[in-house]
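The values are calculated or read from the model by the stated rules, or taken from the named source; none is laboratory data. These figures come from a predicted structure and were not determined experimentally. Here the Cβ positions follow ideal geometry from the backbone for every residue, glycine too, while neighbour counts run over all protein chains shown. Protein only, heavy atoms only, side chains kept; ligands, DNA and RNA dropped before computing areas. Shrake-Rupley method; radii C 1.70, N 1.55, O 1.52, S 1.80 Å.
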Amino acid sequence: QVQLVESGGGLVQAGGSLRLSCAASGRTFSYNAMGWFRRAPGREREFVSAISWSGSSTYYADSVKGRFTISRDNAKNTVYLQMDSLQPEDTGVYYCAASRESYLYTTSSYVYWGQGTQVTVSS
């Protein structure tokens, strides 16, 4: 089992920044890549970003490319999502997830999920 705990969400004005963290514990050797998803009110959970185990490969949804940056510190078993130039449409619950797959854009590729952290961007 792998436990994932997100933190860093909150309320921010449009144009502001937040940094999300996802701390992993348990059998951390058993997963590969890490991803962030979000669910806006009334919408399905959608892919935001992902990063390979080594950190050498990163992936972003078109809607956040150039504004969000994913990174990881394997020594701390932690993945980060730096979110800059936030917009009201970025509002939602952000989830961290762990995957053993190579295709990282869909929820079905992920085995373990955190409980989520709320991000609210006011206009």
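For the range 3-69, the set of GluC sites (Glu not before Pro) satisfying both a DSSP loop assignment and a count of at most 10 other C-beta atoms within 10 Å is given as E44. Extension gain, T106-D62: 0.36 nm per intervening residue step, less the Cα-Cα distance, totals 14.4 nm.
Among the chymotrypsin sites (Phe, Trp or Tyr not before Pro) in the range 56-123, those located in a DSSP loop and surrounded by at most 15 other Cβ atoms within 10 Å of their own Cβ are Y103, Y105.
Apolar share of the accessible surface for the range 1-93: 46 percent from carbon plus sulfur atoms, 1.4 Å probe.
Exposed loop trypsin sites (Lys or Arg not before Pro) only (DSSP loop, at most 14 other Cβ atoms within 10 Å): please give the longest stretch of the chain free of them, not including the sites. The longest such stretch corresponds to 1-26. What the chain shows is 50 Å² of accessible area per residue, with the surface traced by a 1.4 Å probe over protein heavy atoms.
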